[in-house]
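Participant: Here it is, the structure, as structure tokens.
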């Protein structure tokens, strides 16, 4: 960002991560160092901005210590949203409203921290600015634990989530070794179309842990019958089998494995279906078809989000909880 004499606004969108506030701290500090008059924070992203809900961040971040605390605070400090802007040609009124608010605040730079859907928002706003001759600069700040944002080498949020998956996978594997019984544990891990997080289960492999026995990624077609044959072959060699499977694995006809059961009951504003039930479906199938085999389904897709709220190194004051700005 070049030296600026105007104002800056920043928002956070989509799911939280353990490090999303580090990006916010970076935007704030850089804008301040480059001479921005005021740095506003949207409360609950673009949806909050439409309701003119924003704060002057300089009234909440008043020292270098505040910036350091913010860097280490998990979850989204400004709150978040999953709000899909319409196509420009479908509804120009909503864009006129947004730009009216930005003009009133004398905004020169607009930053939006998020993943693929947030970058969709930034692109639409940038396109509208070009069409209407607005001089506001729109910039997307990468964030997604899925590590699947186009044009990036890696995304903030992936590293901490991958470490979490590797650690807890190792614990599950070690736990399974204590029983003298055939067992299969299915770990369902986030990843609709990208297998980075599921692949991170391999980090469990080390001197005292052999790692998961099988890993299934969404990029490769999933064959349920072949899966069952592989489980049977593994049980000839060992009693405890641990499998890591992406929530987004699909069978040959394009259906998600979780669609083979009743696990989908929600579609968000961006048309993304809630994926849950893959591990449960596979565990129940094994339980039915392999007599005497103990099965367990563990869904990391919800645990990973919980992990984004865990503070490990510092004690955070009440002022740095989710949605703290009034």
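The values are calculated or read from the model by the stated rules, or taken from the named source; none is laboratory data. This structure is a prediction, so every number in the text was calculated from the model and none was measured. Cβ atoms come from the backbone with ideal geometry, glycine included; neighbour counts cover every protein chain shown.
Participant: Taking the residues in the stretch 39-52 that are in contact with a helix residue (DSSP H, G or I) (Cβ under 7 Å, 6 or more places away or on another chain) and under 18 Å from residue 70 (Cβ atoms) as candidates, determine which candidate is surrounded by the most Cβ atoms within 10 Å (Cβ to Cβ). So that I can check it myself, show each step before the final result.
Facilitator: Of all residues in the stretch 39-52, those in contact with a helix residue (DSSP H, G or I) (Cβ under 7 Å, 6 or more places away or on another chain) come to 39-42, 46, 49-50, 52.
Remaining after also requiring under 18 Å from residue 70 (Cβ atoms): 39-42.
On the way: 39: 22, 40: 21, 41: 26, 42: 28.
Checked the stretch 39-52; the qualifying residue surrounded by the most Cβ atoms within 10 Å (Cβ to Cβ) is 42.
Participant: Exactly one condition in (1) under 24 Å from the mean Cα position of the chain (by Cα); (2) modelled with pLDDT of 95 or more; (3) part of a helix (DSSP H, G or I) is false for residue 226; which is it?
Facilitator: (1)
Participant: Looking at this structure, is residue 84 out of contact with any strand residue (DSSP E or B) (no Cβ under 9 Å at 6 or more places or on another chain), surrounded by 15 or more Cβ atoms within 10 Å (Cβ to Cβ) and within 16 Å of residue 109 (Cβ to Cβ)? Working first, answer last.
Facilitator: Details: out of contact with any strand residue (DSSP E or B) (no Cβ under 9 Å at 6 or more places or on another chain): yes; surrounded by 15 or more Cβ atoms within 10 Å (Cβ to Cβ): yes; within 16 Å of residue 109 (Cβ to Cβ): no.
No: the conditions fail for residue 84.
Participant: For the stretch 125-150, give me each residue that is under 16 Å from residue 86 (Cβ atoms) and either under 19 Å from the mean Cα position of the chain (by Cα) or buried (at least 19 other Cβ atoms within 10 Å of the Cβ) (or both).
Facilitator: If the condition is that a residue be under 16 Å from residue 86 (Cβ atoms) and either under 19 Å from the mean Cα position of the chain (by Cα) or buried (at least 19 other Cβ atoms within 10 Å of the Cβ) (or both), then 125, 128 are the ones that fit.
Participant: Which numbered condition trips up residue 120, out of (1) closer than 30 Å to residue 251 by Cβ; (2) assigned to a helix (DSSP H, G or I); (3) free of Cβ contacts under 8 Å to residues at least 60 places away in the same chain?
Facilitator: Residue 120 satisfies every listed condition except (3).
Participant: I would also like to ask the following. Considering only the stretch 163-176, I want to know if a residue exists there that is surrounded by fewer than 20 Cβ atoms within 10 Å (Cβ to Cβ), more than 23 Å from the chain's Cα centre (by Cα), under 22 Å from residue 284 (Cβ atoms) and outside the structural domain of residue 75 (by TED's automatic domain parsing).
Facilitator: Checking the stretch 163-176: at least one residue is surrounded by fewer than 20 Cβ atoms within 10 Å (Cβ to Cβ), more than 23 Å from the chain's Cα centre (by Cα), under 22 Å from residue 284 (Cβ atoms) and outside the structural domain of residue 75 (by TED's automatic domain parsing).
Participant: Another question about this same structure. Looking only at the stretch 151-162, filter to residues that are touching a residue at least 24 places away in the same chain (Cβ under 8 Å) and part of a loop (DSSP other than H, G, I, E, B); which one of those is surrounded by the most Cβ atoms within 10 Å (Cβ to Cβ)?
Facilitator: The selected residue is 157.
Participant: Sticking with this structure for a sec: Mind checking whether some residue in the stretch 221-231 is exposed (fewer than 15 other Cβ atoms within 10 Å of the Cβ) and under 30 Å from residue 74 (Cα atoms)?
Facilitator: No, the stretch 221-231 contains no residue that is exposed (fewer than 15 other Cβ atoms within 10 Å of the Cβ) and under 30 Å from residue 74 (Cα atoms).
Participant: Taking the stated definitions as given, is residue 133 more than 21 Å from residue 200 (Cβ to Cβ), out of contact with any strand residue (DSSP E or B) (no Cβ under 9 Å at 6 or more places or on another chain), without any contact (Cβ under 8 Å) to a residue 60 or more places away in the chain and not assigned by TED's automatic domain parsing to the domain that holds residue 202? Let's see the steps before the verdict.
Facilitator: Details: more than 21 Å from residue 200 (Cβ to Cβ): yes; out of contact with any strand residue (DSSP E or B) (no Cβ under 9 Å at 6 or more places or on another chain): yes; without any contact (Cβ under 8 Å) to a residue 60 or more places away in the chain: yes; not assigned by TED's automatic domain parsing to the domain that holds residue 202: yes.
Taking the combined requirement at face value, the residue satisfies it.
Participant: For the structure I just gave you, tell me whether residue 111 is in a strand (DSSP E or B) and more than 19 Å from the chain's Cα centre (by Cα).
Facilitator: Details: in a strand (DSSP E or B): yes; more than 19 Å from the chain's Cα centre (by Cα): no.
No; evaluated as a whole, the condition is false for this residue.
Participant: Could you check how many residues of the stretch 236-254 are surrounded by fewer than 20 Cβ atoms within 10 Å (Cβ to Cβ) and within 20 Å of residue 205 (Cβ to Cβ)?
Facilitator: Initial filter on the stretch 236-254 (surrounded by fewer than 20 Cβ atoms within 10 Å (Cβ to Cβ)): 236-239, 250-254.
Those left that are additionally within 20 Å of residue 205 (Cβ to Cβ): 237-239.
Count: 3.
Participant: Is there a residue in the stretch 232-254 that is in a loop (DSSP other than H, G, I, E, B), touching a residue at least 24 places away in the same chain (Cβ under 8 Å), under 22 Å from residue 145 (Cβ atoms) and touching a strand residue (DSSP E or B) at 6+ places or on another chain (Cβ under 6 Å)?
Facilitator: Yes; the residues of the stretch 232-254 include at least one that is in a loop (DSSP other than H, G, I, E, B), touching a residue at least 24 places away in the same chain (Cβ under 8 Å), under 22 Å from residue 145 (Cβ atoms) and touching a strand residue (DSSP E or B) at 6+ places or on another chain (Cβ under 6 Å).
Participant: With the checklist (1) surrounded by 18 or more Cβ atoms within 10 Å (Cβ to Cβ); (2) touching a strand residue (DSSP E or B) at 6+ places or on another chain (Cβ under 6 Å) in hand, flag the one item residue 114 doesn't pass.
Facilitator: Exception for residue 114: condition (2).
Participant: Select from the stretch 117-148 the residues that are within 18 Å of residue 18 (Cα to Cα) and out of contact with any helix residue (DSSP H, G or I) (no Cβ under 6 Å at 6 or more places or on another chain) and list them in ascending order.
Facilitator: So in the stretch 117-148, the residues within 18 Å of residue 18 (Cα to Cα) come out as 118, 141-148.
118, 142, 144, 146, 148 - these are the residues of the stretch 117-148 that are within 18 Å of residue 18 (Cα to Cα) and out of contact with any helix residue (DSSP H, G or I) (no Cβ under 6 Å at 6 or more places or on another chain).
Participant: Also, quick follow-up: Can you give me the number of residues within the stretch 185-215 that are assigned to a strand (DSSP E or B) and buried (at least 24 other Cβ atoms within 10 Å of the Cβ)? Break it down into steps so the answer makes sense when it comes.
Facilitator: Going through the stretch 185-215, the residues assigned to a strand (DSSP E or B) turn out to be 185-189, 206, 209, 214-215.
Add one more test, that the residue is buried (at least 24 other Cβ atoms within 10 Å of the Cβ), and what stays is 186-189.
Residues flagged as assigned to a strand (DSSP E or B) and buried (at least 24 other Cβ atoms within 10 Å of the Cβ) within the stretch 185-215 amount to 4.
Participant: Of all residues in the stretch 13-58, which are within 16 Å of residue 76 (Cα to Cα) and either in a strand (DSSP E or B) or outside the structural domain of residue 123 (by TED's automatic domain parsing) (or both)?
Facilitator: Of everything in the stretch 13-58, those that are within 16 Å of residue 76 (Cα to Cα) and either in a strand (DSSP E or B) or outside the structural domain of residue 123 (by TED's automatic domain parsing) (or both) turn out to be 40, 41, 42, 54, 55.
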